[in-house]
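Notes follow the structure.
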Amino acid sequence: MGSKIHVLASVAVSGLAAVSHADIVKSVYLNAQTYHYKVYHMPDFDQKRQVASGVPGLPGSGAMYCVPTSTYNLFCYAANHGFPFFEDANVNWQSPSLYNYVTGRLIDLGGAMSCDAQDGTNGAGWVNGIDSWIEDYNAGLLCHTHYWNTSDYTVRADRVAKKAASGSIVAFAYGRYSIIGDFGGFPLLMRTGGHAVTLTEAFRVGSLAYLRYRDPADDVYNSTQSTFVSKEVSSTDFTFATAPFPGALRTVTAIDYPSSDGNVRLIDEFACIRPIYFMSFLNTGGGTPTWKLKSVIAGTFGAAPAEITLASPAFGIADLAIDADGDDAVVLVNVAAATGATQLRRVDTVTGESTPLGGFNTLKRFAVGRTGRIYAHDGDKIYCILPDGALDAAVSNVNAPTAMAYDDENDDVLILSVAQRRITRLDKTLAQISTFTVPPGVPMSGDGSVIVNPFDGAVYFLTDGSNTIFRLLGTGANPVLTSFTVPGVTSPKGIGAGDRGELYVTVGGLAKCLRKNRAGAWEIDTTSPFHNVAAAPRFSPLRSRTNFDPAIHNGPEWKNIPVDELLPIGVPVADCVGDLDGDSDTDGADIARLLGNWGSSDLNSDITGDGIVDGADLAALLGSWGPCE
């Protein structure tokens, strides 16, 4: 009997057919060779800004402000599409009257990112700046995913397209690489800087592939906002080795290759903003496990995908987690009802494809690290499993493990043992760091769950032994243990945490979101979109994560390229503002859609972005009549 997976979050797409949601007019992802994503009405702010009407321009005239500018495009798009936390909703960002205001906001965001007028924004600045704005401005409904090329992760155009098709809005960086030698017949490359842009379209069918993006540096130095346009560049697979220490060959995406200056431009970093969701499963009639993704809010950045069915054999789901980068789910499936044998699988939440990971058949629980490595136990050994399912390490230095969690801040693994009444901290290589013994007076029995809250760094855990939730603060020799109970929370099962410190537990098969009130006491947040959502003891809330490594991604090679050194690449493509249905043609069908939304604030018909569908939008549509370029 198969296991059905219901994906109800309105922030992703199934990849089986094109959909239209708000300004996303194409959203198809079948695999790494077949996809098409396209979004309209993404802002295209200029980074090269001079003094206008007595208002100071950006530091250095914005020559190194590609990161804040490409990111601010995302924040303003989000404000116009259901998340008016960062800015007012339904704003026409093309309006010249907003030029000075936008300059001021770019200065603010650049400050949050520690953007330097000479060196630009380093990796830590980009991550921390987005996180701080999301924390300061939104109501806990958005999160941030940020990934670079590392030994465990490869950034490619198909991954960028998949992020967008599954409900994210995306900015990405391409690195400029010099060819400095040869390694086994493949070019040996050295990064010499990078440039950040905002995705508007990603297309590939076989060998035919291109990207379109908002380039913040594609205009002359301005004192007024230039017309929004996208750049189109070819994209192709490219295999190379990196300097100074060549390792395994890597195949990534080169854009505009070959180039006129002899350098290679590779996509090597992306930053995504997306609405959060909640992943769990339910055992429905006949014992068939059902896994559901829950929507945060209607009208987000994408459309809801169809139901996903796990291939047989599957007799239940023992554990699950959202993968580190938010694209896939990692699921531990019971594959033999009599013996309790399990199989670890990676499930593509866009296409529904399920892939077994490794030969493990006795695992009981697991946690996913921020780099995508999976840490699991079988009741005896602790395993570190690479993202592709290969075994990296295993140890037997923790007795009777029950539950596991990963500490992103310290790159540590936490092991809760109910039988041993201990919480053991291991480093990411599984070397033991410390052990905390829970005092005898704390009731502990049965199953348990543990999580590291990213907001305060504390370890939270619970067991079947009581209604109490325990908090362990500190990673040194003497951590502080406290506890609390929450009215309405009895026999809690499972525990998870969000970006803003909220906790999630299940009570009687229903999810509860716990937050502190003004008095500092924990209580059930009945306004949470996840309140009373059907959920199993094993669940996973989406939260912000990154594989940022300061030893790698803060180096001089990761500095921004000054605009005066940027090679002009790509072909400008004007927005086809009248093509409301995404068929690459402005025609009668688009007029019918516009008239059907007359007088409303429908985002897909409000071409001018002034908050109402009226004669100005009809005039703009007629002005773009005919096939789009």
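Throughout, read-outs are computed from the coordinates displayed, never taken from laboratory work. Given the structure is predicted, the values throughout are model-derived calculations rather than measurements. Note that we place each Cβ from the backbone using ideal geometry, even for glycine, and neighbour counts take in every protein chain shown.
Assuming charge only on the beta carbon of Lys and Arg (+1) and of Asp and Glu (-1), the dipole of the chain about its Cα centre is about 2280 debye to the nearest 20.
Sorted on the mean count of surrounding Cβ atoms within 10 Å across their residues, most packed first, peptides 582-593, 489-500 read 489-500, 582-593. Protection proxy ranking of 262-271, 157-166, 553-562, 191-200, by the mean of other Cβ atoms within 10 Å over each peptide's residues and highest first, is 157-166, 191-200, 262-271, 553-562. In region 396-436, which residues have a backbone nitrogen under 19 Å from the label point lying 7 Å from Ser445's Cα in the Cα-to-Cβ direction? Output list for this probe position: 402-403, 417-422.
Separation of the alpha carbons by more than 23 angstrom is noted, of Lys48/Lys231; Lys428/Lys512; Lys26/Lys231; Lys163/Lys381, for Lys428/Lys512; Lys163/Lys381. Expressed as a fraction of 2.2 N^0.38 Å, the rule-of-thumb size for a compact globular protein of N residues, what is the C-alpha radius of gyration of region 99-187? Compactness ratio reported: 1.38. Cβ crowding within 10 Å, taken as a proxy for footprinting-reagent exposure, orders Ile179, Ile273 from fewest neighbours to most as Ile179, Ile273.
For the pair region 569-597 and region 88-154, the centres of their Cα atoms are 29 angstrom apart. Where only DSSP H runs of four or more residues are counted, the chain gives -3500 deg cm²/dmol as its mean residue ellipticity at 222 nm, each run worth -39500 (n - 2.57). The order of Phe436, Phe281, going from fewest to most other C-beta atoms within 10 Å of their C-beta, is Phe436, Phe281. Taking Cβ separations below 4.7 Å as the criterion for a possible disulfide partner, the isolated cysteines in the chain are Cys66, Cys76, Cys115, Cys143, Cys272, Cys384, Cys513.
For a straight C-alpha distance cut-off of 15 angstrom, the aspartates and glutamates reachable from Lys516 (same-chain residues fewer than eight places away being disregarded) are Asp456, Asp499, Glu502, Asp525. Taking label positions 7 Å along the Cα-Cβ direction at both Ser584 and Glu353, the computed distance is 2.5 nm, reported to one decimal.
Ordered by the count of other Cβ atoms within 10 Å of each Cβ, fewest first, Trp522, Trp126 give Trp522, Trp126.
Dipole of the chain computed with +1 at Lys/Arg Cβ and -1 at Asp/Glu Cβ about the Cα centre; of Leu357, Leu266, Pro84, farthest Cα towards the positive end is Leu357.
Only alpha carbons enter this Debye calculation for region 373-546, each as an equal point scatterer, and the log10 of I(q)/I(0) it gives at q = 0.13, 0.19, 0.20 Å⁻¹ is -0.63, -1.35, -1.47. The value for region 21-151 of Rg(Cα) / (2.2 N^0.38 Å) is 1.14.
Across the chain the C-alpha pair distances fall into 10 Å bins from zero in the proportions 3, 16, 26, 26, 18, 9, 2, 0 percent. If Lys and Arg each add +1 and Asp and Glu each add -1, what is the summed charge of the other residues whose beta carbon sits under 12 Å from the beta carbon of Pro439? Net of charged neighbours comes to +2. Over the chain, Cα pairs under 8 Å with separation of 6+ residues give a relative contact order of 16 percent. For the peptides 405-416, 72-83, 476-487, residues were scored by their other Cβ atoms within 10 Å and the scores averaged per peptide; the highest-first order is 72-83, 405-416, 476-487. Can you bin region 349-398 into rounded, prolate or oblate? Criterion: square roots of the alpha carbon gyration tensor eigenvalues sorted a ≥ b ≥ c, rounded for a/c under 1.5, prolate for a/b above b/c, oblate for the rest. Because a/c hits 1.5 or more and a/b exceeds b/c, region 349-398 counts as prolate. In region 586-627, the ratio of gyration radius to Kirkwood radius, Rg to Rh, stands at 0.92 when only Cα atoms are counted.
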